[in-house]
Amino acid sequence: MISCLSGNEAVAYAMKQINPDVFGAFPITPSTEIPEYFAKFVANGEVDTEYVTVESEHSSMSVCIAAEAAGARAVSATSSCGLALMYELLYVAASNRLPITLACVNRALSGPININNDHSDSMGARDAGWIQMYAENNQEAYDNFIMAMPVGESVRLPVMSCMDGFITSHAVENIELLETNAVRGFVGEYSPENYLLKKENPLAIGPYDISAYYMEHKVQQARAMMAAKARILEVAAEFEKISGRRYGLIEEYRMEGAELALVLIGSSAGTAKAAVDDLRAKGVKAGLIKVRVFRPFPGEELAKALSKVKAVAVLDKSEAFSANGGPLFAETRSALYDSENAPKLINIVYGLGGRDFKTEDVEKVYARLAEIAKTGKIGQVYTHLGQRERGDAQ
């Protein structure tokens, strides 16, 4: 079924088809529409979900944690400072192995106050123990949310299904929806082995963890994240059978014979793909890799995909303030460290606070990569793209 939906509508519709037990709801731009649309489904009797309105995002995640701990399937949606307000509880959810599914509509963190898109919110939570998946467009936003649930529930980790605020969340596109019965069959019933309301096996969730046990539990979390990589691919293969759409940890675009490549995340991949097509038509051996899954990080897959490339630019839509580059660059550089055929690598931070990213910007990056490939000289490794400098025309 083809429908014309915004990204927010598509995710809310996916939630409706899944019919979760609990929705912890609190609005924040640009994710506000997701709980709004879902509230209509609740009011119309289209879902059986307990829709819990709360006083803050911290409380909405608390509701989800309590629901999952009790044996229910819980979802929520947030953005930017809302995710930051959940920060304490993101760690609680992950450490208690509660597979909450959260729609994160990426928006710049304050300050200064900004409501436009970059990835500073979810990247700030990258080490909280959540699986992170990113969508390029509305179709992927819908598909990712559906796939997130069987992934998280099988490895018992929460999943953050991310899409770019306004660019994806509010733009309207034709997307292909699955039949509701197919979605529910794919996701299945949530049947946790242990939960608070299981009288046959009383247990505590989230007790004080003394030093004799804390590290063992953290290692279990780490191993679950490692196991998530294989499970994501298994779920994607199962999803392809019912949808015809194929997904991996990364997407390689025109990488056959590529000598120059970009690595990036999210909706910017669409802009970059258009530039790659133009450059290929001009004889430039350009390619692109879109990272769909950031946690667990697809290091081996990236290293293999980049093994025959001469020069690579990793594009970060968030600033790590490490003085050495952004988070995607740090992960990619680490992944390539042991590679015998590692390409020349640079990092470009771009698009902060919603700064435009155009095909001509992409072409400038490829022009720089071509010069690096030609001369072997990298120059400044870590730079920014698109900002004005002092003295520039306002």
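Taken together, the values in this text are just the output of simple stated rules run on the coordinates, not laboratory data. Note that this is a predicted model, so its numbers are computed, not measured. Here the Cβ positions follow ideal geometry from the backbone for every residue, glycine too, while neighbour counts run over all protein chains shown.
Using the alpha-carbon atoms, what tilt in degrees (0 to 90, nearest 10) does helix 268-281 show relative to the longest principal axis of the chain? That helix lies at roughly 30 degrees to the long axis. If the chain linking residue 70 and residue 227 were pulled fully straight, counting 0.36 nm for each residue of separation and taking away their Cα-Cα distance, it would gain 54.1 nm.
Counting pairs of Cα atoms in the stretch 44-125, how many percent are more than 17 Å apart?
Values: 1583 of 3321 pairs.
Here the long-distance tail beyond 17 Å is 48 percent of all Cα pairs in the stretch 44-125.
Based on C-alpha pairs under 8 angstrom that are at least 6 apart in sequence, the stretch 250-384 has a relative contact order of 28 percent. Report, to the nearest 10°, how far helix 138-155 tilts away from the longest principal axis of the Cα atoms in the chain, using its own Cα long axis and a range of 0 to 90°. Relative to the chain, helix 138-155 is tipped by roughly 60 degrees.
Computed over neighbours whose Cβ is under 11 Å from that of residue 286, the net charge equals +1, Lys and Arg +1, Asp and Glu -1.
At q = 0.13, 0.16 Å⁻¹, what log₁₀ I(q)/I(0) does the stretch 250-384 have when each alpha carbon counts as one equal point scatterer in the Debye sum? Calculated log10 I(q)/I(0) at the listed q: -0.47, -0.74. If you average the C-alpha positions of the stretch 272-299 and of the stretch 132-177 separately, how far apart do those two centres end up, in angstrom? One Cα centre to the other: 20 Å. Relative to the Cα centre, the charge distribution of the stretch 2-243, modelled as +1 at Lys and Arg Cβ and -1 at Asp and Glu Cβ, gives a dipole magnitude of about 580 debye. In a fully extended conformation the segment linking residue 307 and residue 339 would gain 10.8 nm over its present Cα-Cα distance, using 0.36 nm per residue. When the alpha carbon coordinates of the stretch 163-246 are projected onto the principal axes, the ranges are 53, 31, 26 Å, largest first. Considering only the Cα atoms of the stretch 113-189, their convex hull presents on average a projected area of 6.1 nm².
Only Cα pairs under 8 Å and at least 6 apart count here; give the relative contact order of the chain as a rounded whole percent.
Numbers: 809 pairs, mean separation 59.8, N = 394.
It comes to 15 percent, rounded to a whole number.
Equivalent ellipsoid of the stretch 105-259: semi-axes from √(5λ) of the C-alpha gyration tensor, largest first, are 30, 23, 17 Å. Here r is the Cβ-Cβ distance between residue 300 and residue 219 and R0 is 22 Å; the resulting FRET efficiency, rounded to 0.05, is 0.60.
Over the stretch 238-327, the hull volume per residue, using the convex hull of the C-alpha atoms, is 125 Å³. Beta bridges per DSSP, both residues in the stretch 250-384: antiparallel share near 20 percent. Any chance you could give the angle, 0 to 90 degrees and rounded to 10, that helix 33-43 forms with the longest Cα principal axis of the chain? Once rounded, the angle reads 30 degrees.
Would you mind classifying the stretch 80-161 by shape? Square roots of the alpha carbon gyration tensor eigenvalues, ordered a ≥ b ≥ c; an a/c under 1.5 is rounded, otherwise it is prolate if a/b is larger than b/c and oblate if not. List each step's numbers first, then the result.
Working: a/c = 2.84, a/b = 1.25, b/c = 2.26.
Because a/c hits 1.5 or more and a/b fails to exceed b/c, the stretch 80-161 counts as oblate.
Go ahead and estimate [θ] at 222 nm for the chain from helices alone: -39,500 (n - 2.57) per DSSP H run with n ≥ 4, summed, over the residue count, rounded to 500. Before the final figure, lay out each step's value.
Values: 13 runs with 160 residues, N = 394.
Mean residue ellipticity, 222 nm, calculated: -12500 deg cm²/dmol.
Each label was represented as a point 7 Å from its Cα along the Cα-to-Cβ direction; for residue 114 and residue 180 these points are 4.1 nm apart.
Farthest towards the positive end of the charge dipole of the stretch 250-384, among the residues 306, 380, 269, is the Cα of 380, using unit charges on the Cβ of Lys, Arg, Asp and Glu. Relative to its residue count, the stretch 2-243 spans a Cα convex hull of 123 Å³ per residue.
Near residue 160, once Lys and Arg are set to +1 and Asp and Glu to -1 for all other residues with Cβ below 12 Å from its Cβ, the sum equals +1.
Report the net charge of residues surrounding residue 227, where surrounding means a beta-carbon distance below 14 angstrom and charges are Lys +1, Arg +1, Asp -1, Glu -1. Write down the numbers at each step before the final one.
Numbers: positive: 97, 156, 223, 229, 231, 295; negative: 153, 234.
In short, +4.
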